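Just below is one structure, and these are the notes that go with it.
The values are calculated or read from the model by the stated rules, or taken from the named source; none is laboratory data. For clarity, every value in this text was computed on a predicted model and none was experimentally measured. Neighbour counts are summed over all protein chains in view; Cβ atoms, including those assigned to glycine, are modelled from backbone coordinates with ideal geometry. These area figures cover heavy atoms from the full protein model, side chains too; ligands, DNA and RNA do not enter into them. Shrake-Rupley method; radii C 1.70, N 1.55, O 1.52, S 1.80 Å.
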Amino acid sequence: MSAPFRLAQGGRIDRARPLGFTFDGKSYSGFAGDTLASALLSHGVHLTGRSFKYHRPRGILSAGADEPNALVGVGRDQTRYTPNLRAPQVELYDGLVAESQNRWPSLSFDIGAVNDLFGRFLPAGFYYKTFMWPRKAWDHVYEPKIRAMAGLGRAPTAADADRYTQRYAHCDVLVVGAGPAGLAAALAASAGGASVMLCDDQAEFGGSLLSETTATIDGKPAAQWIADTVATLRGRANVMLLGRTQAFGYYPHNSIGLVERLTDHLATPHPDMPRERLWTLRAREVVICAGALERPMVFPENDRPGIMLAGAARTYANRYGVKAGSRAVLFTAQDEGYRAALDLARAGVHVAAIADLRPNPDGELPAAARAAGLNIMAGTTVTGTRGRLRVSGATLGRLGLDGQVGQSQTIACDLLLMSGGMTPSVHLFSQSKGKLRFDETIKAYVPGQSAERERSAGACRGIFGLAAAIEDGFARGEEVAQAVGRAGGAVTRVAVTTLAAAPGVHLGAAPHDRDAATVKAFVDYQNDVTAKDLALATREGFRSIEHIKRYTTTGMATDQGKMSNMNALGIVADALRRDIPEIGLTTFRPPYTPVTFGAFAGTSRGQLFDPVRQTAIHGWAADHGAAFEDVGLWKRAHYFPQGGEDMHAAVARECKAVRAAVGIFDASTLGKIEIVGPDAAEFMNRMYTNAWTKLESGRCRYGVMLREDGFVMDDGVVGRMAHDRFHVTTTTGGAPRVLAHMEDYLQTEWPDLDVWLTSTTEQWAVIAVQGPNARKVLEPLVEDIDISAAAMPHMSVRQGRICGVPTRLFRVSFTGELGFEVNVPADYGRAVWEAIYQAGLAHGITPYGTETMHVLRAEKGYIIVGQETDGTAVPDDVGLGWAVGKAKKDFVGKRSLARAEFSKPDRKQMVGLRTRDPHDVLEEGAQIVANPNQPVPMTVLGQVTSSYFSAVLDHSIAIAMVRGGRARIGETLYVPMPDRVIAVTVVDPVFFDREGVRLDA
Amino acid sequence: MLLIPCPHCGERPEIEFRYGGEAHVARPADPSALDDEAWAAYLYLRNNPKGLHAERWRHIHGCGRYFNVLRDTVSDKITATYKAGEPRPDLPATEAAE
Ligand SMILES: [Zn+2]
């Protein structure tokens, strides 16, 4: 397929390697080295997108990351589809499939374009003003409609098939950007042996020099100087070159985020290759050489396809061998624009006119254009354009001395170039919290005071000339080599020949003679923000650019204002008649260009998203058909269904088995902390509400831990193993929190206490054997421990052996039955479990899961911290007043308990609820009221915290926190539900064996 | 990501640490001697300076120790770190706090 706009020669493309690709289903050709944008332009394709609000036809505007219009979705299938890519940054490969976005049904015929005709009804803040009422319509009508119409790309519908990696790295010097300044900086920085990393977002190093065909450096063409310099850098062992790598974020203490694209440019990547690599880099010194972006001109109808930045057209001609059009008009306010006109004329483009906003352009570049016979119209503005899917003409108007537009003429063209000025890319500098300074000469912000160990070089700090930029790179490179103690001496300087650009630029809207109320002069192309919208925002009272940005959405498109911000500032400053620095500047936030979620996620997906914690007994439970539930990171056996049982049937069976015979339960996830040292008891006294000094070795106590504000934080059984040793258990989820809480007090409040804390959660497997037959099951397995009722009462602990394995055997119960918790080293957990299970079969042993454990404990009125408590319950609220050692002088939380608030009789207190219908199981979280007929909002007395059907009692049970609950025992309260009201009787929260005789069996 | 010099281990990246709130808020020796207002002040009132802030960090994925850091809340610059129990170094507020 012929490409009519491809030049016969020139450019950095490889004409020996033709590539095929499709755009919106149509086939095209290009060459290796092309981008999607350059290849489309070689076929004369400019129309690549529709704008966000008005759906106006839009073309390729730039040749880089600042592209606001040519956004495409790329990918062969849904597993490798990426939306919102900028066509000038998409490297071409054979078989690439791309599609345009934000158009329906097709690019050239788009129904949403009617918005353009009704544009005067869509002013700034239109959405805020119109769709305010009713609220419901937002969810069901406005938002879905607006979203469908806007359609900024579509998310892929299948999981990402690619793999992403992450690396951490350190270096002496990071150089960001490999243009003229960056290459020079890297040369100088690495000369003395400093470790230097040089990254650039493009496939080739060289930056703006890649588009340079006339300048010479060190006596050779720019392209040769790039090749020689890159070869020199590559030859240095202390230099690492990272191409296709975007430095997207500057974070505190010189930490920089880079994303390296590894396979997106390949037709058939090796299946083992990751798609991207995220670098988290720590550099001692950073040299930012990010270059500058050209500013468009703001004039009526400046958005038609074929209207382009002058520098972009120059890049397409010089670097890619592509003419962006046949007949060009240049609208410029700076000398740089002439460089493009000269190069395009040389490439065979007819330059019909150069409209220069300045009255007397007289630098080297305008002189060269005049010498080349180009038609320069000084003091001229563009007042409008023609064409629909492609620009066909520009109306040029002479400016009089009064600044008014005088005589005008329309010149036919298929390419209209814009060059308003250069904006230094200060994004990274600003992200580093450096302070920006407004430079009146170039009418742009440049780096001022630094906050981090960084410096900028070249165009990104407003040093624009090629010779000056290279010199700045050398000088900054030498500085950082010195700063890291690896100075390599002065670098030999190079001679540069090129035409110099004289200062002089424009900011804001260009003058015109059209009706300002109807004409559209675009500032932010993607979001369709016009000069008129910005002026309207100022008339409506907006003053801060941060507010104007949000009201008009200028700078909020995917290019994040790279193209629009400075012109928007200029227009607002003009409208408010204030200086630009007074308007303020919006914040530059990372990332510089969008970064995939995949790069941030790295390998943390699927199975590796979160660690999975499994107990030593997990495999047995899985083998025996357990259903598992997630408790924190743990997988816990939830219940053990048999023969097609559902959860309720399984739990009913498990509960009855524990109460009638014996059950076995994996309690290994309990948090465990070993507290050892001469001051262990004193430490326990201070950390828990209970008194510990008098607890004998071999005995256990239920401990309650408070935060300093008096609220219950955790609980658990504590065994005293020796005078100076406690075996503390915590809730499953609370273990790390409790240990951190203890370490905090030990290290920072009581460093004088001689105590050592060790987490032993993973070291002990815990097998709970609970039920009237528990002793019978364990007795034959236990060695050298007398577990008879007389020798080993409830709440005692012994050390010995079980099944030949060392054990800490606790006699404790969270079921209300005779019970033991067998602690053995985790490696033996499964073997001991299996031995107990085998021995238990003769006694009706039944494995049970966490659901049964919950029901059994609720039948006994035992709380679960985090279920009955919510961070606002003091011990007395949940019936644990007895566990508070009132005689102790101090413990964490004691002073708070003395607050009058905590002894008020109307605090929420834990009670039981009994429904009239035994099969009514209340909903956990349901609200409780005294008068169900009270209009909404009702006076809520509390809420249901635990609720189950008890198969043992053949009745539902519930625990609740109710205002003044204990005094309401016997009262009838109500639980209003969406379909009915359930009457409940307030009862004592212990539903089963209130006397506790079964515990002591 | 901050680079935090643990006084026991040296410079380590922020992900190894956990923040521990304002430093030098000592627990009263005898809490029962405090009235409600003084106790509430101990529990809840914290400084939130723009500028130099003495704060606790714990090297939770390292030595496990709590220690103190002087960090500028505007620039994130860390001017000193020191062990728990040591007095706050007498440093002037940085220019960023102005
Ligand atoms: Zn440490």
- Query: Based on DSSP H runs of at least 4 residues, each adding -39500 (n - 2.57), what is the mean residue ellipticity at 222 nm of the protein assembly as shown after dividing by all its residues, to the nearest 500 deg cm²/dmol?
  - Reply: -5500 deg cm²/dmol
- Task: Sort the range A:944-1000 into rounded, prolate or oblate with this rule: let a ≥ b ≥ c be the square roots of the eigenvalues of the Cα gyration tensor; rounded if a/c is under 1.5, and if a/c is not under 1.5, prolate when a/b is larger than b/c, oblate otherwise.
- Result: oblate
- Message: List residues of the range A:870-886, by number, whose backbone nitrogen lies under 16 Å from a label position 7 Å along Cα→C-beta of A:I969.
- Response: A:876-882
- Query: If you take the square roots of the eigenvalues of the alpha-carbon gyration tensor of chain B and sort them as a ≥ b ≥ c, do you get rounded (a/c under 1.5), prolate (a/b over b/c) or oblate?
  - Reply: oblate
- Got a sec? Which residues of the range A:865-904 lose 50 Å² or more of accessible surface with every protein chain in place, vs. that chain alone, 1.4 Å probe? A:D890, A:R895
- Item | Lys/Arg +1, Asp/Glu -1 at C-beta; the range A:297-419 dipole; positive extreme among A:I354, A:L415, A:A340 | A:L415
- Residue by residue through the range A:935-949, which ³J(HN,Hα) values in whole Hz follow from phi under the Karplus form 6.51 cos²θ - 1.76 cosθ + 1.60 (θ = phi - 60°), with glycine and proline marked x? x, 5, x, 7, 7, 8, 8, x, 8, 6, 9, 9, 7, 8, 9
- Item | lysines with Cα under 28 Å of A:K635, excluding same-chain neighbours fewer than 8 positions away | A:K656, A:K672, A:K860
- Item | For the pair A and B, total buried accessible area rounded to nearest 100 Å², probe 1.4 Å | 2300
- Query: For A:G44, which sequence-distant residues (separation of 5 or more, or a different chain) have an amide H within less than 5 Å of its own amide H, given hydrogens modelled in the peptide plane?
  - Reply: A:F5
- Task: Could you name the aspartates and glutamates whose alpha carbon sits less than 13 Å from that of A:K776, not counting residues in the same chain fewer than 8 places away?
- Result: A:D786
- Between A:K904 and A:A791, what is the label-to-label distance in nm when each label sits 7 Å out along the Cα-to-Cβ direction? 5.5
- Message: Within 12 Å, Cβ to Cβ, of A:R12, how many net charges do the neighbouring residues add up to if Lys/Arg are +1 and Asp/Glu are -1?
- Response: -2
- Accessible area per residue, Å², the range A:666-840 with all protein chains present, probe 1.4 Å: 34
- Long-range amide H contacts for A:T35: which residues qualify at under 5 Å (H placed 1.01 Å from N, peptide plane, sequence gap of 5 or more or a different chain)? A:L92
- Query: Can you list the chymotrypsin sites (Phe, Trp or Tyr not before Pro) in the range A:567-630 that are in a DSSP coil and have 10 or fewer other beta carbons within 10 angstrom?
  - Reply: A:F609
- Query: Can you list the residues of the range B:60-90 that have at least 50 square angstrom less accessible area with all protein chains present than in their chain by itself, probe 1.4 Å?
  - Reply: B:Y66
- Partner chain coverage, peptide B:11-17 - average Cβ within 10 angstrom: 2
- Task: Express in Å², to the nearest 10, the accessible area of A:H350 obtained by rolling a 1.4 Å probe over the protein heavy atoms while all chains stay in place.
- Result: 100
- Candidates per GluC sites (Glu not before Pro) in the range A:641-718, loop by DSSP, up to 16 other Cβ within 10 Å: A:E645, A:E696
- Query: Rounded to the nearest 5, what % of the DSSP beta bridges within chain A are antiparallel ones?
  - Reply: 75
- For the protein assembly as shown, which whole-number percentage of the solvent-accessible area (1.4 Å probe, protein heavy atoms only) is attributable to carbon and sulfur atoms? 53
- Lone Cys, chain B, Cβ cut-off 4.7 Å -> B:C63
- Item | Unsatisfied cross-links (Cα-Cα over 24 Å) in the set A:K549/B:K50; A:K53/A:K520; A:K323/A:K443 | A:K549/B:K50; A:K323/A:K443
- Task: Estimate the FRET efficiency between A:D954 and A:D979 by the formula 1/(1 + (r/R0)^6), using the beta-carbon distance for r and 25 Å for R0, to the nearest 0.05.
- Result: 0.50
- Hey, got the average number of other protein chain Cβ atoms within 10 angstrom for residues in B:23-31? 3
- Given H placed 1.01 Å from N in the peptide plane, which residues other than close sequence neighbours of A:D160 have an amide H under 5 Å from its amide H? none
- Ordered by number, the residues of the range A:727-744 with at least 10 Å² less accessible area in the assembly than alone (1.4 Å probe) are A:A740, A:E743, A:D744
- Mean Cβ-within-10 Å packing, highest first, puts peptides A:90-99, A:725-734 in the order A:725-734, A:90-99
- Task: Skip the ligands, DNA and RNA, and give the accessible area per residue of the range A:418-536 with a 1.4 Å probe, whole Å².
- Result: 38
- Loop sites in the range A:464-561: trypsin sites (Lys or Arg not before Pro), DSSP, at most 16 other Cβ within 10 Å: A:R493, A:R543
